[in-house]
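Contents: one structure, followed by commentary.
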Amino acid sequence: MQERRQNNGRRCQIVQQFVKEIRDDTMRLVCFLYINGYKDGEIRRTLHINKPRLKQIKDQLAFDLLKAGIRNLED
């Protein structure tokens, strides 16, 4: 159990550092909204973006998070 807490703590550190380094305002806002529990539809309405644009942002964020060192919980 202790190992899992350390992993979760490390994940939080990676995400916090990652969000600090995002230069695109829309991507940063999408991260902020997800961190605060917003769902896809709420994010689209709040930011006035369509489904394909949100998917594009999510795909880019996922790719960038993997590059930053985030691993799937199953790994």
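The values are calculated or read from the model by the stated rules, or taken from the named source; none is laboratory data. Just so we're clear, the structure is a prediction, and the values are computed from it rather than from any experiment. Every residue, glycine among them, receives a Cβ derived from its backbone with ideal geometry; neighbour counts consider all protein chains shown.
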Fill in the blank from the handout: Taking the stretch 30-62 and keeping residues under 15 Å from VAL15 (Cβ atoms) and of a type outside the set (S, T, N, Q) leaves VAL30, CYS31, PHE32, LEU33, TYR34, ILE35, GLY37, LYS58, LEU61, ALA62
Handout entry: Qualifying residue in the stretch 39-54 (condition: under 24 Å from ARG71 (Cβ atoms) and without any contact (Cβ under 8 Å) to a residue 12 or more places away in the chain)
Key = no
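Can you tell me which residue within the stretch 35-53, out of those that are part of a helix (DSSP H, G or I) and not basic (Lys, Arg), is nearest to GLN17 (Cα to Cα)?
Among those residues, the one meeting the criterion is ILE35.
Considering each of ARG28, ARG23 in turn, give the residue that is free of Cβ contacts under 8 Å to residues at least 40 places away in the same chain and part of a loop (DSSP other than H, G, I, E, B).
Working: ARG28 fails: part of a loop (DSSP other than H, G, I, E, B).
Matching residue, one of ARG28, ARG23: ARG23.
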Practice task
Would you point out which residue out of ASN50, ASN36, ASN8 is at pLDDT below 85 and of a type outside the set (D, E, K, R)?
Solution key: ASN8
Practice task
Filter the stretch 11-30 for residues that are touching a Leu at 6+ places or on another chain (Cβ under 7 Å) and either within 12 Å of ASP64 (Cα to Cα) or at pLDDT below 85 (or both) and give the result.
Solution key: PHE18, MET27
